[in-house]
Structures are given as structure tokens and as C-alpha cells.
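Asks: Below is the structure I would like to discuss, written out as C-alpha cells.
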Amino acid sequence: MTADAPDPDRPTDLRHDDAARARYEGVKRRLARQEWSDKNAYADAKGPVIEAIMSGAERWAASTGWTVSRA
């Protein structure tokens with residue numbers, strides 16, 4: 001993995017992708033203002049932004065040929 005590659009343990013490398021980080025932060029801040037009686041509902045509410053970030057990471061990986069090396 002190179003320094004520019006996403007961390008395989010994250011939806012995308014949020015440390016280096018300013019746009020993805022800002023989207024995720026915005027959603028998390030909005031959701032934090034709500035009361036959640038069910039953690040699954042909270043997780044479901046984050047789903048669309050996580051899905052969008054993952055799609056972007058997958059497009060990047062496909063365009064660069066990057067893959068996760070399995071030890």
C-alpha cells in the first residue's frame with residue numbers, strides 16, 4: 001500500500017480525503033443533535049453517506065488497480 005492509498009480498515013481514508021471527511025462530519029454532527037432510542041436506527045441513518053464514501057473509494061481503487069493485500 002502506498003501513502004496515497006486508502007486505509008483498508010476505514011470506509012475511505014478520511015485523513016486524506018477532505019470532501020469525504022466533510023460529508024461524514026456533517027452527517028455525524030446532524031445526527032448527534034438527535035435522540036436515538038435505537039442504535040440500529042442511528043447506524044441506518046449514517047448508511048447513505050457511508051455508502052457514498054465507499055462507492056468513491058471503490059471507484060478510486062478500480063481506477064488505480066489498488067487492492068487490499070491479504071497476509
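The values are calculated or read from the model by the stated rules, or taken from the named source; none is laboratory data. What you see is a predicted model; the values in this text were computed from it and never measured. With ideal geometry, Cβ positions are generated from the backbone for all residues, glycine too; neighbour counts draw on all protein chains shown. Side chains are part of the model used for accessible areas, which takes the heavy atoms of the whole protein and leaves out ligands, DNA and RNA. Shrake-Rupley method; radii C 1.70, N 1.55, O 1.52, S 1.80 Å.
Asks: Which residue, of 9, 13, is open to solvent by 90 Å² or more (accessible area, probe 1.4 Å) and at pLDDT below 80? Steps first, please.
Replies: On the way: 13 fails: open to solvent by 90 Å² or more (accessible area, probe 1.4 Å).
Testing whether each residue is open to solvent by 90 Å² or more (accessible area, probe 1.4 Å) and at pLDDT below 80 leaves just 9.
Asks: Continuing with the same structure: Taking only the range 34-71 into account, find how many residues are basic (Lys, Arg), modelled with pLDDT under 90 and surrounded by 10 or more Cβ atoms within 10 Å (Cβ to Cβ).
Replies: Matching residues across the range 34-71 total 1.
Asks: Something else: Which condition breaks for residue 21 when tested against (1) modelled with pLDDT under 85; (2) part of a helix (DSSP H, G or I)?
Replies: (1)
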